[in-house]
Amino acid sequence: MTLIDKLQPFLTDMDNCLENGQYNAALFIALALPDICSSTDMAHFGYKVGDRYKKWIDEYFIKQNGYDGKIAMTPTDVYLLRCAYMHSGLDKLKRKAAAKVIAKFSFVASPSTTIFMHRNLIEKNGVTTMQLDISAYCNEIKNSVALFVRDYNGDETVNNASINILHVQNVDQGFII
C-alpha cells in the first residue's frame, strides 16, 4: 500500500462527515491529519509531537492556503487549536507566550453559497476570535494532504511508515491480518 492508500480513508470519512452534517467529526479528522502525515517522516518533521505538527502545518498548510497574508494564522495557532479541541473540546487557546493574536476559534457551517463566513477575525471585549467555515477549512487540509502526498509519493521511508497507520477494518468478507 502507498501513502495515499493509507490516507484516503480519512479523507473520504472527512468528506462524508461534511456531507452529512457531522461537523465535529470532520474537524477531528482535519486536525488529526497533520499528525498522521508528519508521523510518517519523523526524521524530517521531528520526534516531538508539537514540533512535528507545527513544521508540517508550516510547510503544507499556512502559505498554500493563504494564512500568511492579511488574515494570518501561525503554525502555533493551528497546533494550539488542535490541542484545545482534540483534548478538551475547547475553543480557547492556552498560550505560554506573551504575544497573542488569536485567542479563540469559531467554526461555522455557512448556510449557503451567498453567505460565506471564512477567515474572519472578530474582536470582542479584547478577545480575538478566528472564525472559519468548517467545509472550507477541511478542504484546505485536504489540499495540504494532497501536496504532502505529491511530495512524498514513492518515498520508501514514508511508505514503509504509512503501513502502520491504523484503520478500522470491515470484516464482512473475512478478516486478514
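Data for the structure
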| quantity | calculated |
| --- | --- |
| Cα→Cβ-extended label distance, 7 Å offset, between Lys48 and Asp5, nm | 3.6 nm |
| On Cα atoms only, tilt of 134-152 relative to the major axis of the chain in degrees | 50 degrees |
| Region 1-48: C-alpha pair distances exceeding 11 Å, % | 69 percent |
| Label-reachable residues, region 1-18, where backbone N falls under 17 Å from a point 7 Å from Asp172's Cα toward its Cβ | 13 |
| Alpha-carbon spread of the chain, three principal axes, descending order, Å | 56, 36, 28 |
| Cα pair distances of region 120-177 binned at 10 Å [whole percent] | 17, 24, 26, 20, 10, 3 |
| Sum of side-chain charges, Ala136 neighbourhood, beta-carbon under 11 Å (Lys, Arg +1; Asp, Glu -1) | 0 |
| Rounded to 5, the percent of DSSP beta bridges in the chain classed as antiparallel | 55 percent |
| Heavy atoms of Asp155 accessible to a 1.4 Å probe, total area in Å² rounded to 10 | 50 Å² |
| Tyr79, Tyr152, reordered so the largest accessible area comes first (probe 1.4 Å) | Tyr79, Tyr152 |
| On Cα atoms only, tilt of 23-38 relative to the major axis of the chain in degrees | 60 degrees |
| GNM top mover of Thr74, Thr40, Thr12 - the chain, alpha-carbon springs below 10 Å | Thr12 |
| Entries in Lys6/Lys92; Lys48/Lys70; Lys55/Lys92; Lys6/Lys104 that, when Cα-Cα distance is taken, lie over 25 Å | Lys6/Lys92; Lys48/Lys70; Lys6/Lys104 |
| C-alpha long axis of helix 3-19 to longest principal axis of the chain, angle in ° | 50 degrees |
| Estimated 222 nm signal from helices in the chain, with DSSP H stretches of n ≥ 4 weighted -39500 (n - 2.57), rounded to 500 | -15000 deg cm²/dmol |
| Extension reserve of the Ala72-His87 stretch, reckoned as 0.36 nm per residue once the Cα distance is removed | 3.0 nm |
| Within a Gaussian network of the chain (alpha carbon springs, distance under 10 Å), most fluctuating of Gly126, Gly69, Gly46 | Gly126 |
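The values are calculated or read from the model by the stated rules, or taken from the named source; none is laboratory data. Being a predicted model, the structure only gives us computed values, none of them experimental. In this analysis, Cβ positions are derived from the backbone assuming ideal geometry, glycine residues included, and neighbour counts consider all displayed protein chains. SASA here: full protein model, heavy atoms, side chains in, ligands and nucleic acids out. Shrake-Rupley method; radii C 1.70, N 1.55, O 1.52, S 1.80 Å.
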